[in-house]
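Worksheet: one structure, shown below.
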Amino acid sequence: MKSFITTNQVILMLLCLLVWCSGEAENDAAPMEKGEQAVLYSAIQGFVGNWWNGSDLYPDPCGWTPIQGVSCDIFDGLWYVTDLSIGPIHDNSLDCAPNAEFRPQLFKLKHLRSLSFFSCFMSPFKYPITIPSKKWEKLAGNLEKLEFRSNPGLVGQVPSSFGGLTKLQSLVLLENGLSGELPRNLVELSNLKRLVLAGNRFNGRIPDSFGGLSQLLILDLSRNSLSGSLPSSFGSLSSLLKLDLSNNLLEGKLPVEFGYLKNLTLLDLRNNKFSGGLINSLQEMGSLEEMAMSNNPIGGDLQAIEWHNLENLAILDLSNIGLTGTIPVSLAKLRNLRFLGLCDNNLTGNLSPKLETLPSVSALYLNGNNLTGELQFSERFYRKMGRRFGAWNNPNLCFPVGLISTSHVPYGVKPCQQKVTLLEPHSDSKLYNGKLNQSSHLMVSLGFSSYTIDGFWWVTLQIIVTFLLLGSFQSYLFGNIA
């Protein structure tokens, strides 16, 4: 059956096309509110320099030739700026001037939902600049995202007026030159889902009030100089997915309230001063995929944790934390584990060959411990892992000779010594019709010990004794015949 289009369908298609074109024409024809355009141009000039005047934009920054980093939306038939990104974010973005500055016109962009600065303030010595302390409340009605990334020239403290941005969902102050203590009133940002303050020079304690950010999904305070113990209020962050506190000066025992973080997938506490051992509540974090605690004087025993409860764990780094005891076999039940780092501890005992059965493991570092015994992994395991199996610097650990090819022996591990069985002087060995025992008795009677003579001289003495015995036997035989 041939398909055909009726007259009504043609009319309907034309009407739809007409409506769509009308909407597009309305958007294209919509002008930018004049006052909005003036304050936008002035704000941009403060960051890039007065040389820029927007003359190459037609008909305005929200028209056919928009500025990279500026997005607009229509309110009451007019264009308004909703997204402003300053800095070399895009290939054709406007670069900031060395002496970039915040102008008051920035805070007149009343429909702004997102504001970000990337590599804009670059000179901490020649042109340092601080974040304006006032007027942020003028953006509180709509601002949901505020970011300052990679601005070493941005110094000073975080203004307390940030606490008034009650609609903020993302606050990122990453790799700047900011300092001072963390503002306690950030807890007023009740809608905050992401808080990243990493890579600055913040100091002091983490405020207890941070536990009130109940909707927080990501908390990153890494690479600062924060000190003191962790607040127990962290247990209230039940929605948290990622917690990164690495590379600080934090200390004390890990809070047992960590066990309430049932949704946490990343826990990074590396390079701090935590102590007090591994707490049992860690095994209650069933969603955890990455746990990194290396370079802390935590101490304790791996046996304290029921590792099989952390079935989603893919990365476990407990290197250089002062662990003692043996490596539990239950680690072999972590079917998703890709990386296991237990190096530079005080672990002892033998390695279970069941660790080879981890189906996803691609890196296993056990070097720098006191492990003992003979490695019982297959050649296939060594071939798969290569240098990503680290067992060196375990003085009493060895691999069996002859069971694996020389090209796949574990790096830095010595071969096991072959066992040599020495016969006792009064053993019941029946070798050589008892003559070996006789030679042993003779050498003992002559003052030689079979335990202290070995190698070439041991063989030589055996030959001499054998000839002496044969000579005595022949003399006895011929004497009887005669």
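The values are calculated or read from the model by the stated rules, or taken from the named source; none is laboratory data. Remember, it's a predicted structure, so these values are computed and weren't measured experimentally. Please note: Cβ atoms are built from the backbone with ideal geometry, for glycine as well, and neighbour counts cover all protein chains shown. Remember, those area values only see protein heavy atoms, side chains included, never the ligands or the DNA or RNA. Shrake-Rupley method; radii C 1.70, N 1.55, O 1.52, S 1.80 Å.
A few notes on this one:
- Per-peptide packing, taken as the mean over residues of other Cβ atoms within 10 Å, places 69-80, 258-269 in the sequence 258-269, 69-80 from highest down.
- Carbon + sulfur, % of accessible area of the range 31-111 - ligands and nucleic acids excluded, 1.4 Å: 49 percent
- Rolling a 1.4 Å probe over the protein heavy atoms gives the range 299-420 an accessible area of 49 Å² per residue.
- Distance from the alpha carbon centroid of the range 69-108 to that of the range 332-398 works out to 54 angstrom.
- Accessible area per residue for the range 121-275 is 40 Å², calculated with a 1.4 Å probe on protein heavy atoms, without ligands, DNA or RNA.
- Annotation: amide H-H contacts under 5 Å for Gly252 (H modelled 1.01 Å from N, sequence separation of 5 or more, or interchain): Ser275.
- Working from label points 7 Å from Cα in the Cα-to-Cβ sense, the Gln418 to Glu311 distance is 4.8 nm.
- Take every pair of alpha-carbon atoms less than 8 Å apart whose residues are at least six positions apart; their mean separation over the length of the range 299-420 yields a relative contact order of 19 percent.
- The range 121-275 shape via C-alpha gyration tensor axes, a/c threshold 1.5: oblate
- In summary, the lysines within cross-link reach of Lys262, defined as a Cα separation below 28 angstrom excluding same-chain residues under 8 places away, comprise Lys145, Lys167, Lys193, Lys242, Lys253, Lys273, Lys333.
- Placing R0 at 30 angstrom, the Cβ-Cβ distance between Asp91 and Ser123 gives a FRET efficiency of 0.80 after rounding to 0.05.
- Relative contact order computed over the range 101-247 (Cα-Cα under 8 Å; 6+ residues apart), in percent: 17 percent
- Distant-in-sequence amide contacts of Met32, defined by a placed amide H-H separation under 5 Å and a gap of 5 or more residues or a different chain, comprise Trp79.
- Charged-residue dipole, Cβ positions (Lys, Arg, Asp, Glu), the range 299-420 about Cα centre, Debye nearest 20: 460 debye
- Farthest toward the positive end of the dipole of the range 138-244, out of Ser236, Ile206, Asn191, is the Cα of Asn191, where the dipole comes from beta carbon charges about the Cα centre.
- Counting only aspartates and glutamates at least 8 places from Lys134 when in the same chain, those with an alpha carbon closer than 20 Å to its own are Glu101, Glu144, Glu147, Glu181, Glu188.
- Accessible surface of the range 121-275, 1.4 Å probe: 48 percent of it comes from carbon and sulfur atoms.
- Distant-in-sequence amide H partners of Asp317 (H built 1.01 Å from N, under 5 Å): Met291, Ala292, Met293, Gly341
- Zone residues, the range 72-90, relative to Ser42, backbone N less than 12 Å from point 7 Å out along Cα-to-Cβ: none
- Computed over the range 113-163: relative contact order in percent, which uses C-alpha pairs under 8 Å that are six or more apart: 55 percent
- Only aspartates and glutamates eight or more places from Lys414 in sequence, or on another chain, were considered; those with a Cα closer than 19 Å are Asp344, Glu374, Glu379.
- Computed from label points 7 Å out along Cα-Cβ, the spacing between Ser360 and Tyr411 is 2.5 nm.
- Peptides 116-127, 334-345 ranked from most to least packed, by the mean per-residue count of other Cβ atoms within 10 Å: 334-345, 116-127.
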